[in-house]
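The values are calculated or read from the model by the stated rules, or taken from the named source; none is laboratory data. Just so you know, these numbers come straight off a predicted model, no measurement behind them. Quick reminder, even Gly has a Cβ in these numbers, built from the backbone with ideal geometry, and neighbours come from all protein chains shown.
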Amino acid sequence: MRPDAPTLTRDVPLDIAAVEAAQDEIAAFLEERGVPPAACYKLRLIVEELLANLIMHGRFDGAPPPAKVSVEITPDALLLTIEDASAPYDPREAPEPAAPSLDDDKVGGLGLSLVRRMAEIRSYQRLPEGWNRCEMALPLGDAPAG
């Protein structure tokens, strides 16, 4: 993190109401600092997808502690860091899902693919204390996410 960059850091309990409240707080933080509405919407969606994945698919020893979410505004990108205590999971290594067909009755499974299209997953680490840390960047300009 750059010391002069506006940053919001929050612990987010892994339940739907808390995720929605965190999305609202993040959106307000970004809007107050003049971040374009399209970028606010994309980051809101990314946070929802990643935290929903933790709620639905995360494997925890006991009750899951809150995820740690940090958003930093730089001149070129929104930097998002999510830390969680679930089993190790590197989203960069997850395979792309097959394209859905009109005959497919399966709901879901495309969230991580959507995140990858909107943001660059820059790094994943398994921290010594047994947490995952995933860092990603959502470009603010016209450049593609990568």
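Residues that are among the basic types (Lys, Arg) and either under 23 Å from PRO65 (Cα atoms) or at pLDDT below 55 (or both) within segment 98-146 comprise LYS106, ARG126, ARG133, listed in sequence order. Evaluation of ILE55 against the conditions (1) on the phi < 0 side of the Ramachandran plot; (2) part of a loop (DSSP other than H, G, I, E, B) shows that the sole unmet condition is (2).
Quick check, is ILE26 in contact with an Asp or Glu (Cβ under 8 Å, 6 or more places away or on another chain) and assigned to a helix (DSSP H, G or I)? Spell out the reasoning first.
Details: in contact with an Asp or Glu (Cβ under 8 Å, 6 or more places away or on another chain): no; assigned to a helix (DSSP H, G or I): yes.
Here the answer is no, as ILE26 does not meet what is asked.
Can you tell me which residues in segment 66-82 are assigned to a strand (DSSP E or B) and either within 18 Å of GLU120 (Cβ to Cβ) or among the polar types (S, T, N, Q) (or both)? If the condition is that a residue be assigned to a strand (DSSP E or B) and either within 18 Å of GLU120 (Cβ to Cβ) or among the polar types (S, T, N, Q) (or both), then VAL69, SER70, VAL71, GLU72, ILE73, ALA77, LEU78, LEU79, LEU80, THR81, ILE82 are the ones that fit.
The C-beta contact set for segment 1-21 (first residue more than 18 Å from GLU31 (Cβ to Cβ) and buried (at least 16 other Cβ atoms within 10 Å of the Cβ), second residue modelled with pLDDT of 95 or more and among the charged types (D, E, K, R), distance under 9 angstrom, 6+ apart or interchain) comprises VAL12/LYS68; LEU14/ASP84.
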